[in-house]
Structure formats: structure tokens, C-alpha cells
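Peer 1: Once you've had a glance at the structure underneath, I'll fire off some questions.
What follows is calculated from the coordinates using simple rules that are stated; it is not laboratory data. All of these numbers come straight from a predicted model, not from anything done at the bench. Cβ placement follows ideal geometry from the backbone for every residue including glycine, while neighbour counts extend to all protein chains displayed.
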Amino acid sequence: MNLLTLFRRRPSAPVARERLQVLLAHERVVVGGSDLIAVLQEEILAVIAKHVALDRDKVQIKLDRGDPVSTLEIDVEVPSLPSLPRRRDGGLAAARP
Amino acid sequence: MAQVVVVTSGKGGVGKTTSTAALGAALAQGGENVVVVDFDVGLRNLDLVMGAERRVVFDLVNVVQGDAKLAQALIRDKRLENLSLLPASQTRDKDALTSEGVERIIGELREKFDWILCDSPAGIERGATLAMRHADQAVVVTNAEVSSVRDSDRIIGLLDSKTEKAEKGGRIDKHLLLTRYDAARASRGEMLKVEDVLEILSIPLLGIIPESQDVLRASNLGAPVTLASPGSVPARAYADAARRLKGEQIQLVMPAPESRGFLGKLFGRRAVA
């Protein structure tokens, strides 16, 4: 560590504090047993599974728990149905029968 | 009426065992009749910190399984006659403890002692849940560090849901014991501050134990720090914490960073806080 980095370095404790606050706000809900995001994820997948055979390996779920909003991104590869025009983009829109 | 206190944290290495020994000894030094119980089956260490490792004959598991009477397993401290230790087993695993057995022993201990301090193992599994199961109060030992704070939060959730008191609709008294605190690093913004931890966990503060050589020295010697060096800063902090646990109102002094002058910095000498 040289003198410059010593002066430039920002204190890390405020970052720790913020990360903890966001994380714990979510974890408290999870332990309480009503994690909306997890419920949504399960139910969305269940609905899709009702109509198409889901290959769990081909489902990509991205989750970002944030302070004002969390985002849940579910990317499902739906096998093309013979009656539908061929589409390769997957996604939720393609799940329509 | 006897008080059962669980000393818990979730995370390992934050100072549960050290704190159990120091708080237990401090309570006994104040004239209370105290037993410290090691729930860390398989990895016992409270005996070592208390300096009783060579006197263990029977342990908690023996008593739970009926192989020994409680009185046979209790080890009376050589320095304080009103302080006893109930050691954990070193050879069994954590499944050797049964819920009914623990309940029976806690009941017997309530008859004999004013204070029953249960040293919880790390984690949130059987040993830890059994240690907190019958508690009236909890001391949540936390370091000012992200993983410790997160685990403490988790433990607080368990204390509010999985204890006997909570299941009966009551509330268990929870106290935060901030250990290994380094005021100088906190003031430089390198470590979470006391206020940060308090705001995040939002349980009342029992005490702040500074990171100290005296604590390590006490463990090396096999004596709780309140006995090994009673005048030291951590020993006084533990003694105050013990009195707060008894319900006394004692002013908490926030630890100030040690001020070191130019020469002090140069020679690494520490000002006596």
C-alpha cells in the first residue's frame, strides 16, 4: 500500500452496513415463511409446467434482491409445438398454447 | 427464581465460550449461584477455558442418558465455590442429546442454581436449538463484521420462534454482546460501528468487549478473564454486562479509540485505556 492509496481508500464499513440492511430485510421475510419472490418463482414455474414439459436444466432464473425493488427473471425454453409457427426465442410469451 | 440464559451467535469463533465463562464467573463473583453448561457436544471447550479440563469425569450426555447423576457430572470451580461447570461430551455426537433429557436436566439445574448459562454450539442445528430451547434470556454474541451480524439476525429469528417461551406466546429477552470490538478501526470506518450493529439487529446492548490481549491470556491460563485479570478493560466490561443481566442499570461507556501520539505510533506503545 502506498501513500496515495492510503488517502484514496474509502471507508468500507458504510458499504457493509448497507449490504447488511438490504440482505436482512429480505432474509427476515424468508425465515418468516412468506418470501414473495420465492412464491412467485415457484408458482410461475408450476403454471408453465402445467402446459409444457419443463426441463429444469433449461430454466434460467436470475434474481436480484434490491432495496426499493427486486427483480425476478425467468427464462424458460419452451419446445416448439407443431401447431405453432417455429420460434426460437423461448421466453414466457411463447408459453401461450 | 432461576434464570436460564443461552449464550449464542450462529457463527463460530465470535467469543461464545469465552463470554459464557466470563459472564458466569462475573455473576458468581457477585455472589450468585451459577452453573455454566457446555452444549457443544463433540467439540467441548468450556472446560478448557474454565481450567477444568483435567477434572471431567462425567458429562452432559452421560446425565441425559442416565449413566450418571447430575451431581456426579457437575464440576465445582476451584476459585469460586458458587460456580460450577457441566461439561459436554467429547466423544459422542450431537444427536446424543434428546429434547426430553435436556428438559429434565434444565429442570434439575433450576432447583440448584440462580443462573444457568448455556454455551451454545455454532450453527443452527440440534445442539444450538436444544441450548436455546428452555432459555428465559439470550445473550447474542456478535462481532462487528458482516457474516457475524447476519448469523446473529438469523439466531434472533430462531429465538423468537423455536424456544419454549416463544411457542407459548411469550417473548424471550435478548441482549446483544458485542465482542472483539476495535474502536480505532470503527472510527476509521474500517469496521461496523456499535450504532450500526444496534440499528441492524435492534436488540438492547448488554455490553461491548474490546479486542484484547487479556482475553487470550485468560484462555491460555484456563481462567475466565474476570478472574485472570479483574482490573483489565475486558474484565470490567464483562462484570458490567453481568450486572446488566441481573437487571441493574449501569451506564455504558462507549469505547473510545486509543489516542496515540506521534511517539506512541513510532514505538507502538499503547496508552492505557
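Peer 1: Calculate, axis by axis, the spread of Cα positions in the range B:64-161 along the three principal axes, and write the results as whole Å, longest axis first.
Peer 2: Result, largest extent first: 42, 31, 25 Å.
Peer 1: Which whole-number percent of Cα pairs in the range B:96-152 have a distance greater than 16 Å?
Peer 2: On the way: 801 of 1596 pairs.
Result for the distance tail: 50 percent.
Peer 1: Please give the FRET efficiency for A:Arg19 paired with B:Lys168, using the beta carbon to beta carbon distance and R0 = 35 Å, rounded to the nearest 0.05. Please report the intermediate quantities before stating the final value.
Peer 2: Numbers: r = 36 Å, r/R0 = 1.02.
For R0 = 35 Å, the calculated efficiency reads 0.45.
Peer 1: Give or take rounding to whole Å, what are the principal axis extents of the alpha carbon atoms in chain B, in descending order?
Peer 2: 63, 40, 34
Peer 1: How many percent of all Cα-Cα pairs in the range B:130-179 sit more than 16 Å apart? Write out the running numbers ahead of the final one.
Peer 2: On the way: 434 of 1225 pairs.
Here the tail beyond 16 Å accounts for 35 percent of pairs.
Peer 1: Along the charge dipole of chain B, Cβ charges K/R +1 and D/E -1, which of B:Asn220, B:Val63, B:Ala28 sits furthest on the positive end?
Peer 2: Most positive-ward Cα: B:Asn220.
Peer 1: Per q in 0.11, 0.15, 0.17 Å⁻¹, report the Debye log10 I(q)/I(0) for the range B:81-230, using one uniform scatterer on each alpha carbon and no solvent.
Peer 2: The calculated log intensity ratios at q = 0.11, 0.15, 0.17 Å⁻¹ are -0.52, -0.96, -1.17.
Peer 1: Regarding the range B:1-152, what's the average projected area of the Cα-atom convex hull, expressed in nm²?
Peer 2: The number I arrive at for the range B:1-152 is 8.2 nm².
Peer 1: Determine, for A:Thr71, B:Thr8, the number of other Cβ atoms within 10 Å of each Cβ, and report the residues in order from fewest to most.
Peer 2: Values: A:Thr71 10, B:Thr8 31.
Sorted ascending by nearby Cβ count, the order is A:Thr71, B:Thr8.
Peer 1: Right, next: Starting from the Kirkwood radius over alpha-carbon pairs of the protein assembly as shown, derive D by Stokes-Einstein at 4 °C in a medium of 1.567 mPa s and give it in µm² s⁻¹.
Peer 2: Numbers: Rh = 23.3 Å.
The Stokes-Einstein estimate is 56 µm²/s.
Peer 1: Can you give me the Cα centroid spacing of the range B:154-197 and the range B:58-118 in angstrom?
Peer 2: So the separation of the two Cα centres works out to 27 Å.
Peer 1: Next question, about the same structure. Could you work out, residue by residue across A:14-25, how many beta carbons of other chains sit within 10 Å of that residue's beta carbon, and then give the average as an integer?
Peer 2: Values: counts 4, 2, 10, 9, 1, 2, 11, 3, 0, 5, 8, 1.
Counting other chains' Cβ atoms within 10 Å and averaging over A:14-25 gives 5.
Peer 1: Taking each residue of B:159-166 in turn, how many C-beta atoms of other protein chains fall within 10 Å of its C-beta, and what is the average? Please list the in-between numbers first.
Peer 2: Numbers: counts 0, 2, 3, 0, 0, 0, 0, 0.
So the per-residue partner count for this stretch is 1.
Peer 1: Moving to a separate point now. For the peptides B:150-160, B:184-194, what is the packing order when you average, over each peptide's residues, the other Cβ atoms within 10 Å and list the highest mean first? Working shown, then result.
Peer 2: Working: B:150-160: 21.2, B:184-194: 18.5.
Put in order of decreasing packing, that is B:150-160, B:184-194.
Peer 1: Which is farthest toward the positive dipole end of chain B among B:Leu245, B:Met1, B:Ala131, measuring Cα position about the Cα centre, with Cβ charges +1 (Lys, Arg) and -1 (Asp, Glu)?
Peer 2: Comparing the listed Cα positions along the dipole, B:Leu245 ranks first.
Peer 1: Starting from the amide H of B:Glu53, placed 1.01 Å from N in the peptide plane, find each other amide H under 5 Å away whose residue is 5 or more places distant or on another chain.
Peer 2: Counting only residues 5 or more places away or on other chains, the set is empty.
Peer 1: May I pose another question? Regarding the range B:79-120, what's the average projected area of the Cα-atom convex hull, expressed in nm²? Don't jump to the answer; show the numbers that get you there.
Peer 2: Numbers: hull surface 15.2 nm².
Approximately 3.8 nm², given one-decimal rounding.
Peer 1: Which whole number gives the average count of other chain Cβ atoms within 10 Å of the Cβ atoms across peptide B:187-196? Intermediate results must be reported in sequence, preceding the final value.
Peer 2: Values: counts 2, 4, 8, 5, 4, 6, 3, 0, 1, 7.
Whole-number average of other-chain Cβ neighbours for B:187-196 is 4.
Peer 1: Using just the helices of the protein assembly as shown, give the 222 nm mean residue ellipticity in deg cm²/dmol: DSSP H runs with n ≥ 4 each add -39,500 (n - 2.57), and the total is spread over all residues, rounded to 500.
Peer 2: Working: 17 runs with 154 residues, N = 370.
Taking each H run of at least 4 residues, the total per residue is -12000 deg cm²/dmol.
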